[in-house]
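See below for the structure under consideration.
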Amino acid sequence: MNIQIAVLCDSAVEYQSRLCILGTFDTIRTHQLPTTKPQCSIALQILWNKTEEGTHTIKTRFMDDDGNPTLKAVNSSVKISVPPTSSFLTTNHILNIQQLKFVKTGNYLIVIDINGNMKAEIQLQVLQIEGKN
């Protein structure tokens with residue numbers, strides 16, 4: 001198993017088995033706190049080998065820089081069945097998030113666990129900037 005893409009973005013969709021990603025980002029700049037990101041997505045593309053057929057669990061965790069959860073973890077599962085004519089299978093996973101709220105500046109971490117093991121991290125920083133809106 002190989003996570004080929006793990007990003008935080010403005011939006012993502014799957015179209016004809018293609019992962020379409022718009023506006024990846026790792027920093028939110030705001031004039032005031034708390035601040036809310038109205039809509040964003042986590043986009044994953046995972047390549048599975050024939051030896052990894054079966055059901056796998058994917059858990060997405062959201063933490064601040066102290067390791068405290070900032071959102072409830074999201075659990076999902078995927079059943080992998082590689083076609084007989086292929087040696088691997090690629091799956092796309094999109095998690096849409098509405099009204100993502102931040103009450104403080106700092107570093108945040110989105111952790112992707114597969115079958116209970118951490119496989120990817122997406123870093124995010126929230127910065128407060130001076131000046132007019």
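The values are calculated or read from the model by the stated rules, or taken from the named source; none is laboratory data. Keep in mind that what you see is a predicted model, and the values were worked out from it rather than measured. Glycine also receives a Cβ, built like all others from the backbone with ideal geometry; neighbour counts cover every protein chain displayed. Quick note on the areas: whole protein, heavy atoms, side chains included, nothing else; ligands and nucleic acids left out. Shrake-Rupley method; radii C 1.70, N 1.55, O 1.52, S 1.80 Å.
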How high is the relative contact order of region 21-107, in percent, with contacts defined as C-alpha pairs under 8 Å that are six or more residues apart? 43
Residues of region 86-125 with backbone nitrogen within less than 11 Å of a virtual label 7 Å along the Cα-to-Cβ line of residue 3, please, listed as ranges. 110-115, 117-123
Using 0.36 nm per residue of separation minus the Cα-Cα distance, give me the extension gain between residue 33 and residue 109 in nm, one decimal. 25.5 nm
For the chain, what % of the accessible area comes from carbon and sulfur atoms, probe 1.4 Å? 47
Measure of size requested: the Rg and Dmax of region 22-133, with Cα atoms as the atom set and Å as the unit; please supply both. 17.0, 60
Tally Lys/Arg at +1 and Asp/Glu at -1 over every other residue whose Cβ is under 13 Å from the Cβ of residue 88; what's the total? -1
Sequence-separation-based contact order of region 1-58, relative, with Cα cut under 8 Å and 6+ spacing, percent: 48
Residue 96 paired with residue 15, simple spin-label distance in nm, labels 7 Å along Cα-to-beta-carbon: 1.5
Which FRET efficiency value, to the nearest 0.05, is calculated for residue 75 and residue 47 with the Förster distance at 25 angstrom and r the Cβ-Cβ distance? 0.70
Looking at the chain, identify the longest residue range that excludes and avoids all trypsin sites (Lys or Arg not before Pro) in DSSP loops having at most 16 other Cβ atoms within 10 Å. 1-103
From phi via Karplus (6.51, -1.76, 1.60), per-residue ³J(HN,Hα) for region 17-33 in Hz, x at Gly/Pro: 6, 9, 8, 9, 10, 10, x, 5, 8, 9, 9, 10, 9, 9, 8, 8, 10
Taking a probe of 1.4 Å and leaving out DNA, RNA and ligands, the chain shows per residue an accessible area in Å² of 61
Highest-MSF residue in the chain out of 77, 11, 86 [GNM, Cα springs under 10 Å]: 86
Simple SL model, points at 7 angstrom along Cα→Cβ for residue 86 and residue 66; separation in nm is 4.5
